[in-house]
Amino acid sequence: MKQFQFFLVIFLLSLISINVAAQNGELISINGIVKDQKSHHELEYVNVVAVGTNQGTVTNTDGIFTLKVRNARIIEFSYIGYQTVRLSIESLKQTGNVIYLKPKSVLLNEVVVSPVDAAKIVAEAVKRIPTNYNNYPSMLTGFYRETIQKKKKFINITEAITNAYKTPYTQDIDLDRLKIFKGRKLVSPKLSDTLAVKLEGGPNAVLFLDMVKNKEELLDESSRQDYDYSFIDYISIDGRNHYAIRFKPNKITEYPLYEGVLYIDQDTYTITRMEFRADMSDPLKVTHLILKKKPAGLIFKPSILSYLIDYRMQDGKSYLNYIRSDIKFKCDWHKKLFHTSYAIVSEMVMTDRENNPTNKINYRDSFKDTQILSDKVTDFYDPDFWGDYNIIEPTESLENAVLKLKKSYDKLKNQ
C-alpha cells in the first residue's frame, strides 16, 4: 500500500509540474505513442500540434512522438481518416502517453451526393490557391532527416535543423531560400559502403516539392493536360470532408509523369495532401530526372520514386507541414554478376513558423542544389544536440542503426 501511495504522489507531482510549467511559459516536453483505437496499430505521420501556436511535429513510423512546447494549453492529434483528438496539457504526462484515434467514416448525409467532375475540382483548387494559402512571406523552421540503406543496412544518417524563407503563394519559388542552421551525421566507416552516385533531392525539397506553390511541376494548366482525373471517395481529414481525386498519365512524354491522389477540401477546395509516385514504365526517364552524377561503368536502375506532401490548416490558411520522399534503386557494375540495392528516405517536418519575418536568407548563405548535406554538418556526438528544437523521433530500427554505426567507429579507433 505504501508503494502504491508513493507512486501516486510521484504521478500527481508530475501532472502538477506540467501544469505549472504550462502556466509559467516554460518549455514542456511531452512524449508518447499514437494508435488506432480499434486495431491498436501504431499510426505514422500523425500531426501533433500545440493549438494556438505554430509549434508541431509528426509521429515516426513506429507511431512515437516527442513535442516540445511553450505557452500551450491544448495538444491536437490529427490524421487522415480519423477523428481529431484534442487533449489538455494537464491531462498528459511527460512520457508514456498512449493516444488512441478513432477511425471516422464519412456519412453520405454529411456530403452532397452528386456526380463529381474530378478535373473541374482540381482546376477550382488551383484557382483558389491565392486565397487558401498564405499571401505573405514566412520563415519556416524545419527538421530534416535523410537515411541511406545499402540492402538492409543503414550506411548514412544525416539530420538538420533548417530555416526556409518562403515568399507568398502568389509568387513563384525563385526567391525561396533554405539555410542549414545546425546538423549532424553518422556515416559508415567502411569504404565499400560509400555511395558512389549523387541524386536530386536533399533539404531543398521543401522548396521545389511544395507542388501547390511550384505548380509548374504538376498543377498548372499545361501540366494538367497530361493527366486524367477520377473521383475515388470522400475522406475525413481534420474533421473536414475531402474529395480524394486520383490522377494518372494520359499520354507518353519525354519526361516522367506521376500517378497518385490529391485530397481536396470539399468546402474550400484547399489541397491538403498529395501522395504520388513517378511512372516507372520507362526507368530511363526517371534516371535522367534524379541522377546528377555517377562513376563511369556504373549502371543505375531506379525502381521507386514516391512523395508525400502534407499541409496544415491554421487561422483559415493552409501551410506546408510535412514532406517525405522515397527513392529505391539498384547499382550494377559492368562485368560484375550481382547488383546492390539502395533506399534513400528523406523527410522534413515544419516545426515552427514566423509570418512576415524581418530577415530573409540571402543566396550566399543558402543551401545550394550542388551541395551535399553530409559535407556541411558535424558528426553525432551529443545526445542532447537538438536541445529545445522539435524533431521527428527516430524509429527503433534507426536507433539500432546508430548504435551499430557507433560501434563500428569505436572498433576502428581502437585498432
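The values are calculated or read from the model by the stated rules, or taken from the named source; none is laboratory data. Just so it is clear, the model here is predicted, and its values are computed rather than measured. Virtual Cβ from ideal backbone geometry, glycine too; neighbours counted across all protein chains shown.
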Per the filter on segment 324-346, residues in contact (Cβ under 8 Å) with a residue 12 or more places away in the chain and touching a Gly at 6+ places or on another chain (Cβ under 9 Å) are 325, 327, 333, 334, 344, 346
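Being of a type in the set (Asp, Glu) and more than 21 Å from the chain's Cα centre (by Cα) narrows it down to one of 375, 388, so name that one. Lay out the reasoning, then the answer.
Numbers: 388 fails: more than 21 Å from the chain's Cα centre (by Cα).
Result: 375 is the single residue among 375, 388 that is of a type in the set (Asp, Glu) and more than 21 Å from the chain's Cα centre (by Cα).
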Output for Cβ contacts, cut-off 7 Å, separation at least six or different chains, first residue closer than 16 Å to residue 310 by Cβ and among the polar types (S, T, N, Q) in segment 207-224, second surrounded by fewer than 19 Cβ atoms within 10 Å (Cβ to Cβ) and at pLDDT below 95, reads 214/173; 214/208
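How about segment 28-83: which strands (runs of 3 or more DSSP E) wholly inside it have at least 3 residues that are more than 14 Å from the chain's Cα centre (by Cα)? First the steps, then the outcome.
Working: elements: 28-36, 47-50, 56-58, 64-69, 74-78.
Fully inside segment 28-83 and qualifying: 28-36, 64-69, 74-78.
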Residue 383 passes all but one of the listed conditions (1) surrounded by fewer than 15 Cβ atoms within 10 Å (Cβ to Cβ); (2) in contact with a strand residue (DSSP E or B) (Cβ under 8 Å, 6 or more places away or on another chain); (3) part of a loop (DSSP other than H, G, I, E, B); the exception is number (2)
Note to self: Please determine whether any residue of segment 314-324 is over 23 Å from the mean Cα position of the chain (by Cα) and not acidic (Asp, Glu).
What the structure shows: no
Of the residues in segment 288-338, those that are of a type in the set (Val, Ile, Thr) and at pLDDT 95 or above come to 304, 309, 323, 327
Only one of 272, 253 is under 25 Å from the mean Cα position of the chain (by Cα) and over 22 Å from residue 339 (Cβ atoms), namely 272
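Would you pick out the residues in segment 152-211 that are of a type in the set (Ser, Thr, Tyr), farther than 30 Å from residue 383 by Cβ and over 21 Å from the mean Cα position of the chain (by Cα)? Walk me through how you get there before you give the answer.
Start the filter on segment 152-211 by keeping residues that are of a type in the set (Ser, Thr, Tyr), which leaves 158, 162, 165, 167, 169-170, 188, 192, 194.
If we keep only those that are farther than 30 Å from residue 383 by Cβ too, we end up with 165, 167, 169-170.
Once the filter is applied, which keeps residues that are of a type in the set (Ser, Thr, Tyr), farther than 30 Å from residue 383 by Cβ and over 21 Å from the mean Cα position of the chain (by Cα), segment 152-211 yields only 170.
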* Asked: Somewhere in segment 309-318, is a residue among the aromatic types (Phe, Trp, Tyr), in the same structural domain as residue 169 (by TED's automatic domain parsing), surrounded by 20 or more Cβ atoms within 10 Å (Cβ to Cβ) and closer than 14 Å to residue 275 by Cα?
  -> yes
All conditions in (1) buried (at least 16 other Cβ atoms within 10 Å of the Cβ); (2) without any contact (Cβ under 8 Å) to a residue 60 or more places away in the chain; (3) farther than 30 Å from residue 333 by Cα are true of residue 235 except (2)
